[in-house]
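Here the structure comes first, spelled out in structure tokens, and everything after it is commentary.
The values are calculated or read from the model by the stated rules, or taken from the named source; none is laboratory data. It should be emphasised that the depicted structure is a prediction, and the values quoted were computed from it without experimental measurement. Here Cβ is always computed from backbone atoms with ideal geometry, including for glycine, and neighbour counts include all displayed protein chains.
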Amino acid sequence: MSLSGFFLIIFLLVHLGVNLSLFAGRESFNAASHFMGHNPLIQLMQYVLAAGFITHIAMGMILEWKNKKARPIRYAKNNAAASAGWASRNMIVTGVLILLFLILHIKDFFVEIKFGHVPDDYELVTQLFKNPLYVVVYVIAFILLGIHLSHGFQSAFTSVGARSPKYLPLVKKTGILFSYLIALGFSVIAIYFYFN
Ligand code: HEM
């Protein structure tokens, strides 16, 4: 789970970086998007990315199922909130909702660019964000992604051993910063292109 999580964290950084070029204008974004869509190495990475997503989702579901099986009868008095935050107790909920977002996103962006008749990538992105409902759905998905990452980031690090008292506070702080960066960075794009 943690290795596929690390990989997806890197993907999110690259994807946000490419998307921020939208602010540099049509030509810059189309060039960046064209590079991502046609560079042979990146084409190869798309299969690795798909495998990364599938592994992460499948492992998450197996983990949830194992946790449920380990305690078929619920505690009479459940004080889970005292030992774990909302984000960590609801990783499966935020994960499934992000998966629904991803299906919509792949259909409207990836499939449309590959097989549709869009004039150019910049036009597609900016037109989709003219719809207020679309922007609301996207921003909710980005907030859920931020919540998922606020636990997922530190969990990925602690799973590979970074749990010593020396590093843990730094890992936790970086995780929170990263989740804000991702949720805010993607949201700003959607909101900006609604108004502009
Ligand atoms: C403002 C927010 C976003 C915009 C404008 C955006 C834009 C795009 C575009 C234009 C593509 C097609 C690229 C191509 O095939 O040439 C794409 C693909 C994709 N996006 Fe996004 N995206 C956003 C947020 C996200 C988020 C938050 C995730 C993950 C949770 C994500 C995951 C993906 C995936 C998996 C693909 C397919 C693989 C790829 O082409 O890189 N996107 N996105």
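For the range 122-137, give me the residue count where each residue is among the β-branched types (Val, Ile, Thr) and within 11 Å of the ligand (Cβ to nearest atom). Give the derivation first.
The initial filter retains those residues of the range 122-137 that are among the β-branched types (Val, Ile, Thr), namely 125-126, 135-137.
Okay, now just the ones that are also within 11 Å of the ligand (Cβ to nearest atom), so 125-126, 135.
Going through the range 122-137 one residue at a time, the tally reaches 3.
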Within the range 168-180, track down each residue that is in contact with a Leu (Cβ under 8 Å, 6 or more places away or on another chain) and within 16 Å of the ligand (Cβ to nearest atom).
-> 178, 179
The range 108-123 residues that are part of a loop (DSSP other than H, G, I, E, B), paired with ones that are modelled with pLDDT of 90 or more (beta carbon under 6 Å, 6 or more apart) | 118/112; 118/124; 120/30
Can you name the number of the only condition in (1) without any contact (Cβ under 8 Å) to a residue 60 or more places away in the chain; (2) exposed (fewer than 14 other Cβ atoms within 10 Å of the Cβ) that residue 130 fails?
-> (1)
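Which ones in the range 90-114 are more than 15 Å from the chain's Cα centre (by Cα) and under 15 Å from residue 54 (Cβ atoms)?
Here is the first cut: in the range 90-114, the residues more than 15 Å from the chain's Cα centre (by Cα) are 90, 107-114.
Once the filter is applied, which keeps residues that are more than 15 Å from the chain's Cα centre (by Cα) and under 15 Å from residue 54 (Cβ atoms), the range 90-114 yields nothing.
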Neighbours by Cβ (under 6 Å, 6+ apart or cross-chain): first from the range 85-99, under 13 Å from residue 155 (Cβ atoms); second polar (S, T, N, Q) and within 16 Å of the ligand (Cβ to nearest atom) = 87/150
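For (1) more than 18 Å from residue 113 (Cβ to Cβ); (2) crowded, with 16+ Cβ neighbours inside 10 Å; (3) more than 8 Å from the ligand (Cβ to nearest atom), each residue gets a yes or a no:
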| position | (1), (2), (3) |
| --- | --- |
| 19 | no, yes, no |
| 23 | yes, no, yes |
| 26 | no, no, yes |
| 34 | no, no, no |
| 40 | no, no, yes |
| 51 | yes, no, yes |
| 54 | yes, no, yes |
In the range 1-85, which helices (runs of 4 or more DSSP H) lie fully inside it and hold 1 or more residues that are at pLDDT 90 or above and closer than 23 Å to residue 179 by Cα?
-> 2-20, 40-70
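Looking at the range 147-162, which of its residues are more than 16 Å from the ligand (Cβ to nearest atom) and either in a helix (DSSP H, G or I) or touching a residue at least 40 places away in the same chain (Cβ under 8 Å) (or both)?
Start the filter on the range 147-162 by keeping residues that are more than 16 Å from the ligand (Cβ to nearest atom), which leaves 154-155, 157-162.
Within the range 147-162, 154, 155, 157, 158, 159, 160 qualify.
Any idea which of 165, 119 is surrounded by fewer than 16 Cβ atoms within 10 Å (Cβ to Cβ), more than 11 Å from the ligand (Cβ to nearest atom), of a type outside the set (Lys, Arg) and farther than 27 Å from residue 38 by Cα? Reasoning before the result, please.
Details: 119 fails: farther than 27 Å from residue 38 by Cα.
Every option except 165 fails the conditions.
Say we look at the range 1-17 and pick out the residues that are within 9 Å of the ligand (Cβ to nearest atom) and without any contact (Cβ under 8 Å) to a residue 40 or more places away in the chain; which of these is nearest to residue 125 (Cα to Cα)? Spell out the reasoning first.
From the range 1-17, those within 9 Å of the ligand (Cβ to nearest atom) are 8, 11-12, 14-16; that's our starting set.
Checking which are without any contact (Cβ under 8 Å) to a residue 40 or more places away in the chain leaves us with 14-15.
Working: 14: 17, 15: 14 Å.
My answer is 15.
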In the range 156-191, the residues that are under 15 Å from the mean Cα position of the chain (by Cα) and of a type in the set (S, T, N, Q) | 179, 187
Of the conditions (1) surrounded by 18 or more Cβ atoms within 10 Å (Cβ to Cβ); (2) touching a Gly at 6+ places or on another chain (Cβ under 8 Å), residue 144 fails just one. Which one is it?
-> (2)
